[in-house]
Amino acid sequence: MPRNRLVYCLCVILLLLVSGCSPEQNDVASIEAAADRWIVAFKAGDIDALMSLYMPGAFVALHGQPALRGTDEIRAYFAPKMGTADVEFLLEYEQIEVHGDVAHLVSKYWYTGTPKGGGEPYRDAGRSALIYKRDTDGRWKIYLDIDQATPDVSFPAPSIKAR
């Protein structure tokens, strides 16, 4: 190994040890950031940004909806809904684990969409399980997204930070 590369590697390892942050902790933070990017894109009504967060062969199973297979079906489902409501989306992470280039996230969620043209808000609460895979460019993307209604997650939403 060339000397400069060895010095660089040692500096990175030392920085991680001093900061108390392991590579896996960095990956957990990256998974949280990926989940936050999904919410930001959805709230902004940005379908292209939303779709950039999915692997090409992604599988999405939302409770009460037919399964969506691949980005074409996922786009077709979300596109007509994007930007039609003022959205509040709360997540409470319950578990995030990283295993190499695959990770999973389990969270409670509370969603409220208030139609921009008026009408009653739509509310949905439950639990989601997501599997992320690291793409060839190193970014974490959703490979599997399953949401379900569950009796221990309901409105009113807790006082947690809205994303």
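Just wondering, is there one or more residues in the range 97-111 that are under 20 Å from H63 (Cα atoms), among the acidic types (D, E) and assigned to a strand (DSSP E or B)? No, every residue in the range 97-111 fails to be under 20 Å from H63 (Cα atoms), among the acidic types (D, E) and assigned to a strand (DSSP E or B).
Okay, residues lined up against (1) over 15 Å from the mean Cα position of the chain (by Cα); (2) modelled with pLDDT under 95; (3) crowded, with 17+ Cβ neighbours inside 10 Å:
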residue: D36; (1), (2), (3): no, yes, no
residue: A58; (1), (2), (3): no, no, yes
residue: G64; (1), (2), (3): yes, yes, no
residue: K81; (1), (2), (3): yes, yes, no
residue: T84; (1), (2), (3): yes, yes, no
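Consider the range 66-79. How many of its residues are surrounded by 13 or more Cβ atoms within 10 Å (Cβ to Cβ) and either of a type in the set (D, E, K, R) or in a strand (DSSP E or B) (or both)? Steps first, please.
Residues of the range 66-79 that are surrounded by 13 or more Cβ atoms within 10 Å (Cβ to Cβ), as a first pass: 68-71, 73-75, 77-79.
Filter again for either of a type in the set (D, E, K, R) or in a strand (DSSP E or B) (or both), leaving 68-69, 73, 75.
Of the residues in the range 66-79, 4 are surrounded by 13 or more Cβ atoms within 10 Å (Cβ to Cβ) and either of a type in the set (D, E, K, R) or in a strand (DSSP E or B) (or both).
Residue check: P158 meets all listed conditions (1) loosely packed, with under 14 Cβ neighbours inside 10 Å; (2) free of Cβ contacts under 8 Å to residues at least 60 places away in the same chain; (3) over 15 Å from the mean Cα position of the chain (by Cα) but one, namely (2). Out of all the residues in the range 98-111, is one or more surrounded by 13 or more Cβ atoms within 10 Å (Cβ to Cβ) and over 20 Å from A29 (Cβ atoms)? Within the range 98-111, one or more residues are surrounded by 13 or more Cβ atoms within 10 Å (Cβ to Cβ) and over 20 Å from A29 (Cβ atoms).
The values are calculated or read from the model by the stated rules, or taken from the named source; none is laboratory data. Worth saying up front: this structure is predicted, and the values here are computed from it rather than measured. No Cβ is skipped: glycine too gets one built from the backbone with ideal geometry, and neighbour counts run over all protein chains shown.
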